[in-house]
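For reference, the structure is listed below as structure tokens.
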Amino acid sequence: MLLDGVPARSCITYAVACEGTEVTTIEGLDEDAVTVELRAAFTREHALQCGYCTPGMLVSARDLVLRLPQADERLIRVGLSGNLCRCTGYVGIVRAVQSVIEARRARNIAPEPGGGRKILGPVGSGHSLRGGADPAEPMRLVENERTSPVADRSVDSIPNFTPAPSRAAV
């Protein structure tokens, strides 16, 4: 999914983190020209099998296409590394993304600076600008039990802990 235009892992994003953000799922990209082109390339390159990873792959691939018009296989693999696919082996997926990047380059379509991102920061952080926060205001550390000096003591051992034998030793 996209949070404020930035790809985010929907599987680990808490709903509360989406409050006040613009959330776009794969269905919201049905009419998006880049996503349409990627879908066709995924079909052509046999980059689809079970379909479980496909929405995340398409959202991440769209971000790569928009930001990195010179991306090679290595950069594409790194850019897609947050998405896991157990069926395709990634070869078709990488070829599909590469083919869209090359086709756009051949048509002289310039990348969008920052992939259309308006700010840098954690995914979903764009809502703070709409909410009236001053982006120039420095962040302040709020002391709590996790940041207090008392809670910062290192743990040398865990009581009653016996590590399991390693598989190599078995």
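Read-outs throughout are calculated quantities, based only on the coordinates presented, and are distinct from any laboratory measurement. In this text, all values refer to a predicted model and were calculated from it rather than measured experimentally. Here Cβ is always computed from backbone atoms with ideal geometry, including for glycine, and neighbour counts include all displayed protein chains.
Cβ under 12 Å from residue 39's Cβ, residue 39 left aside: what net charge do those residues give with Lys, Arg +1 and Asp, Glu -1? With Lys, Arg at +1 and Asp, Glu at -1, the neighbours total -3. For the range 1-117, what class follows from the C-alpha gyration tensor (a ≥ b ≥ c being the square roots of its eigenvalues): rounded when a/c is under 1.5, otherwise prolate if a/b is larger than b/c, else oblate? Because a/c hits 1.5 or more and a/b fails to exceed b/c, the range 1-117 counts as oblate. Per-residue 3J(HN,Hα) values for the range 4-19, derived from phi via the Karplus relation 6.51 cos²θ - 1.76 cosθ + 1.60 with θ = phi - 60°, read 6, x, 10, x, 9, 7, 5, 6, 10, 8, 6, 4, 5, 5, 8, 4 Hz in sequence order (x marks Gly and Pro). Relative protection proxy for 9-19, 100-110, from highest mean packing down: 100-110, 9-19 (other beta-carbon atoms within 10 angstrom).
Which shape class applies to the range 41-106: rounded if a/c is under 1.5, otherwise prolate when a/b exceeds b/c and oblate if not, where a ≥ b ≥ c are the square roots of the Cα gyration tensor eigenvalues? Because a/c hits 1.5 or more and a/b exceeds b/c, the range 41-106 counts as prolate. Site pair residue 25 and residue 52 shows an inter-label distance of 1.8 nm when each label is modelled 7 Å from Cα along Cα→Cβ.
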